[in-house]
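Worksheet for the structure shown next.
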Amino acid sequence: MRSSYAQLCFAGLLLFFIAGAGIFFSVESNAQTEPDGPAVSATPPADPTLPPPPPPLALEDDEPVIIETELVNLNVKVVDRFNRPIANLNKSDFTVFEDGKSQPIEFFSQDEVPTNYALVIDNSGSLRFQLEKVIESSKIIVGTNRPDDETGVVRFVSSNKIEILQDFTTDKQELFDALDNMYIEGGKTAIIDAVYLATEKVDEYQRSQGPGNLRRRALILVSDGEDRDSYYDEQQLFDLLREADVQIYTVGFISQLDKDGSFIRKSDHKRAKNLLEKLAEETGGKSYFPNDLSELNGIARDIANELRTQYSIGYLPDKTKPDGVYRNIKVEVRQGPNDQKRIAITRTGLIYDSKSTEQPALKRANR
């Protein structure tokens, strides 16, 4: 009996010490993990009126963080004094200036990139004798297209007769068919309206492809250069061109225009030439004035070559300037061996976020 009683007492003491030890370690653990003062929950209760927070971003080790920025993209041709293209230049050979201030070059490429361009062809009576040859030379340009190049065809006469014969496509046969469907029509020539609407079309199509789609954008304008009845004026057109990144190549049949002017009014010939040259110069393109139809095929090949022998340069614009302010752009190129003169040709400036009121509209031709 005494032995059983002793065993029972020993078991009771053992349970007492085990329970005490558990309380001791529990208190010690709380003392180490909880701060002084009232307890604060690590995760506050969720507010049922707010949407749940997004999950944290999970980045793998060494995963790059990509920050998208809006670069100003410049297509730059480099020629020598004899207008011969210069290839194989490096990023270090170029300096970009915005309003006279040097800007770091963020992107540089001399590789051939796809081109989106529109053929904008005058179908008014002033080109009735040249149209067949214009169509032939236009087909030469289209024939040089690379597989990823996209081209559209626009015919124009007056302000209310500006039509898309073929939307942007890589299909050369579709483009040839559209060119074959051109015909002369009466009306007052609206060159400024046609260039304005075609520029918008090229620029909008490019934007629809996304910011990472690096393509050159261009217009090839064929006309006599004499604007007779446009809704837009030259100032509105050049404001748009300073905002859009579109190069313009002009082929002007101006030899038959009246060259007689006065002290007050320039001749038709002079005004047409000035307009076509300014369109090309301010956008980094080139102007051609053939004296004979036999020159057109050579001009077509030259334009095709011009579109593909350029450097692509991107820089970050000055963010301290407000939207809508014109910025002068200049690109300089380091001189070559033996002081070889190198000349950079690109757009002369740009405007951000200028707005224009659209009135005339591009129409799709009935085919």
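The values are calculated or read from the model by the stated rules, or taken from the named source; none is laboratory data. Computed from a prediction, not measured in an experiment: that's the story for all the values here. Don't worry about glycine lacking a Cβ; one is built from the backbone with ideal geometry, like all the others, and counts go over all protein chains shown.
Which residues, taken from region 140-150, are crowded, with 17+ Cβ neighbours inside 10 Å and under 30 Å from D292 (Cβ atoms)?
Correct list: I141, V142, N145, D149.
Against the conditions (1) buried (at least 23 other Cβ atoms within 10 Å of the Cβ); (2) in contact (Cβ under 8 Å) with a residue 60 or more places away in the chain; (3) within 22 Å of the chain's Cα centre (by Cα), where does V246 fall short? Just the number, please.
All conditions are met except number (2).
Scan region 224-261 for residues that are in a loop (DSSP other than H, G, I, E, B) and not hydrophobic (A, V, I, L, M, F, W, C) and report the count.
Residues in region 224-261 being in a loop (DSSP other than H, G, I, E, B) and not hydrophobic (A, V, I, L, M, F, W, C): 17 in total.
So how many residues does region 151-199 have that are surrounded by fewer than 22 Cβ atoms within 10 Å (Cβ to Cβ), acidic (D, E), touching a strand residue (DSSP E or B) at 6+ places or on another chain (Cβ under 8 Å) and in contact (Cβ under 8 Å) with a residue 12 or more places away in the chain?
2
Does Q340 satisfy the criteria of being among the polar types (S, T, N, Q) and at pLDDT below 85?
no
Among the residues in region 310-330, are any buried (at least 16 other Cβ atoms within 10 Å of the Cβ), of a type outside the set (A, V, I, L, M), at pLDDT below 80 and out of contact with any Lys or Arg (no Cβ under 6 Å at 6 or more places or on another chain)?
Checked against the condition, which is being buried (at least 16 other Cβ atoms within 10 Å of the Cβ), of a type outside the set (A, V, I, L, M), at pLDDT below 80 and out of contact with any Lys or Arg (no Cβ under 6 Å at 6 or more places or on another chain), region 310-330 yields no hits at all.
Does any residue of region 252-260 turn out to be of a type in the set (S, T, Y), over 25 Å from V76 (Cβ atoms) and at pLDDT 85 or above?
Yes, region 252-260 has at least one match.
Every residue, every condition in (1) at positive phi; (2) free of Cβ contacts under 8 Å to residues at least 12 places away in the same chain; (3) touching a Gly at 6+ places or on another chain (Cβ under 9 Å); (4) among the aromatic types (F, W, Y), yes or no:
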position	(1), (2), (3), (4)
P290	no, no, yes, no
S294	no, yes, no, no
I299	no, no, no, no
A304	no, no, yes, no
Y311	no, no, no, yes
Y326	no, no, yes, yes
D339	yes, yes, no, no
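Quick one: which residue in R207, R155 is assigned to a strand (DSSP E or B) and either out of contact with any Cys (no Cβ under 7 Å at 6 or more places or on another chain) or basic (K, R) (or both)?
Testing whether each residue is assigned to a strand (DSSP E or B) and either out of contact with any Cys (no Cβ under 7 Å at 6 or more places or on another chain) or basic (K, R) (or both) leaves just R155.
Spot the failing condition for Q235; the list is (1) surrounded by fewer than 17 Cβ atoms within 10 Å (Cβ to Cβ); (2) under 22 Å from D323 (Cβ atoms); (3) touching a helix residue (DSSP H, G or I) at 6+ places or on another chain (Cβ under 9 Å), and only one is missed.
(3)
Among the residues of region 211-225, are any modelled with pLDDT under 95, hydrophobic (A, V, I, L, M, F, W, C) and farther than 27 Å from K273 by Cβ?
Checked region 211-225: at least one residue is modelled with pLDDT under 95, hydrophobic (A, V, I, L, M, F, W, C) and farther than 27 Å from K273 by Cβ.
How many residues does region 117-157 contain that are closer than 17 Å to E174 by Cα and acidic (D, E)?
Residues flagged as closer than 17 Å to E174 by Cα and acidic (D, E) within region 117-157 amount to 4.
Based on this model, can you work out whether V96 counts as of a type in the set (A, V, I, L, M) and at pLDDT 90 or above?
Considered against the rule, which asks whether it is of a type in the set (A, V, I, L, M) and at pLDDT 90 or above, V96 comes out as yes.
Within region 112-133, how many residues are closer than 14 Å to G186 by Cα and of a type outside the set (A, V, I, L, M, F, W, C)?
Residues meeting the conditions: 6.
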